[in-house]
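Student: Pasting a structure here, questions to come.
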Amino acid sequence: MSALDYGYAVWAPIVWIIALVVIGILVLIWRSRGQKSYKKGTAQTDIFLSGTKVPPEEERHVKAENIYWGFFEALKGLYRAMMKPHTGIVNDYLLWFVAILTIFILILVLAS
Amino acid sequence: MNLKAFNRALWVYHMNTGSCNGCDIEILAVLTPRYDVERFGIMLVGSPRHADVLLVTGPVARSMEDTVKRIYAQVPDPKVVMVVGNCGAEGGVFHEAYSLIGPVDQVIPVDVYVPGCPPRPEAIIHGVVMAWVKLEKLAKQEVT
């Protein structure tokens, strides 16, 4: 049997596989002894939510953007102002670039 | 009572439908070391889907009607409903309150009543044993 001996530990994949198979069989035996009197398709197999009506699955789903909800809520004013100039048109972005560059040059020229 | 030995542990889901908490405190007393029903395998569970017995305290408040029906439907068969306290049995001191549907048996079928305001822990234990006897009868009926 192939086994790696590190001196302080042994890695034997065959032993691991056998152990997992044995555990799997034990779990299946245990599961088969469980409660069988549930009536499938009735409320007995519904999700328990402290007795409240369970909303449809799409409404239960927590979107990834919910993580940032607090940031969006706190910085709503800033985001609203920032999103206005973001039109998605390259000409607009170039116009912004030229305008800001002009302001910087003017400041530099006037300051010197 | 022909109960000689318990075939299995009895799992109970406790639900308060509008009780003043007096009965709930007595139910907790049943679980304390003085009475310690867990030694018989009787224990409270956190979901009706794991329960054999639905234990209800208090009269049914209007806002709780749907919840009571939903939770009753979620208990697997065979199931037994047990009402602890006068309020759940017949309304008790709240029987004329505008916010109540009424006693528990007006919303779901009840198998065992434990009267008292609140009932003593010994009475609750007796009620649980009665529920157990009924549950074993129901289980036998399901098998045959």
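Read-outs throughout are calculated quantities, based only on the coordinates presented, and are distinct from any laboratory measurement. For clarity, every value in this text was computed on a predicted model and none was experimentally measured. For neighbour counting, all protein chains shown are included, and Cβ atoms are generated from backbone atoms with ideal geometry for every residue, glycine included.
Student: On a straight-distance basis, which aspartates and glutamates could pair with A:K40 in a cross-link, Cα separation under 18 angstrom, same-chain partners fewer than 8 positions away excluded?
Tutor: B:D52, B:D77, B:E142
Student: Could you compute the FRET efficiency for B:A29 and B:R8, with r as their C-beta to C-beta distance and R0 at 35 Å, rounded to 0.05?
Tutor: Details: r = 24 Å, r/R0 = 0.70.
In this case the efficiency is close to 0.90.
Student: May I pose another question? For segment A:20-109, run through the chymotrypsin sites (Phe, Trp or Tyr not before Pro) and keep only the ones in DSSP coil with at most 14 other Cβ atoms within 10 Å of their Cβ.
Tutor: Hits after loop and neighbour filter: A:Y38.
Student: Expressed as an acute angle from 0 to 90° and rounded to the nearest 10, what is the orientation of the C-alpha long axis of helix A:13-32 relative to the principal long axis of chain A?
Tutor: The two axes meet at around 80 degrees.
Student: If you line up the long axis of helix B:121-143 against the longest principal axis of chain B, both from Cα atoms, how many degrees apart are they, to the nearest 10?
Tutor: Result, in degrees: 60.
Student: Using the Cβ atoms and a cut-off under 9 Å, what net charge is assigned to the surroundings of B:V84, where Lys and Arg are +1 and Asp and Glu are -1?
Tutor: Residues near B:V84 contribute -2 overall.
Student: Amide H to amide H under 5 Å from B:L100: which residues, 5+ apart in sequence or cross-chain, H placed 1.01 Å off N in plane?
Tutor: B:R62
Student: Now a separate question. Give a residue-ordered list of calculated ³J(HN,Hα) values for segment A:81-94 (Karplus: 6.51 cos²θ - 1.76 cosθ + 1.60, θ = phi - 60°; whole Hz; x for Gly, Pro).
Tutor: 5, 6, 7, 4, x, 7, 8, x, 9, 4, 4, 5, 5, 5
Student: Distance in nm between label sites at A:I17 and B:S47, each 7 Å beyond Cα in the beta-carbon direction?
Tutor: That separation, rounded to one decimal, is 3.5 nm.
Student: Could you state the angle between the C-alpha long axis of helix B:22-31 and the longest principal axis of the C-alpha atoms of chain B, as a value from 0 to 90 degrees rounded to the nearest 10?
Tutor: 20 degrees
Student: What are the ³J(HN,Hα) couplings of segment B:78-93, residue after residue, when phi is run through the Karplus curve with 6.51, -1.76, 1.60 and θ = phi - 60°? Round to Hz, x for glycine and proline.
Tutor: In residue order, the calculated couplings are x, 10, 10, 10, 10, 10, 10, x, 5, 4, x, 7, 8, x, x, 5 Hz.
Student: Per residue of B:71-79, how many C-beta atoms from partner chains lie within 10 Å of its own C-beta, taken as a mean?
Tutor: 4
Student: Net charge near B:R34: determine it from the other residues with C-beta under 13 Å of the C-beta of B:R34, scoring Lys and Arg +1 and Asp and Glu -1.
Tutor: -2
Student: Which lysines have a Cα less than 29 Å from the Cα of A:K36, not counting those fewer than 8 places away in the same chain?
Tutor: Correct list for A:K36: A:K53, B:K4, B:K69, B:K79, B:K134, B:K137, B:K140.
Student: How crowded by other chains is A:43-50, given as the mean number of beta carbons from other chains within 10 Å of each beta carbon?
Tutor: Per-residue shielding by partner chains comes out at 5.
Student: Given the rule -39500 (n - 2.57) for each run of at least 4 DSSP H residues, summed and divided by the residues of chain A, what is its mean residue ellipticity at 222 nm, to the nearest 500 deg cm²/dmol?
Tutor: Calculated at 222 nm, the ellipticity per residue is -16500 deg cm²/dmol.
Student: With only Lys, Arg, Asp and Glu charged, each at its Cβ (+1 for the first two, -1 for the last two), find how big the charge dipole of chain A is about the Cα centre; round to the nearest 20 debye.
Tutor: Its charge dipole is roughly 600 debye.
Student: With each label point set 7 Å from Cα along the Cα-Cβ vector, what nm distance links A:I25 and B:E38?
Tutor: Rounded to a tenth, the inter-label distance reads 3.5 nm.
Student: OK, next. Could you compute the net charge surrounding B:G18? Neighbours are other residues with a C-beta less than 13 Å from the C-beta of B:G18; K and R count +1, D and E count -1.
Tutor: Values: positive: B:R62; negative: B:D24, B:E65.
The answer is -1.
Student: Let me ask another. For B:L10, what residues show an amide H to amide H distance below 5 Å, using hydrogens built from the backbone and excluding near sequence neighbours?
Tutor: Excluding prolines and chain starts, which carry no amide H, the hits are B:I42, B:M43.
Student: In addition: Find how many whole Å separate the alpha carbon centroid of segment A:1-77 from the alpha carbon centroid of segment B:72-144.
Tutor: Value for the Cα centre distance between the two parts: 35 Å.
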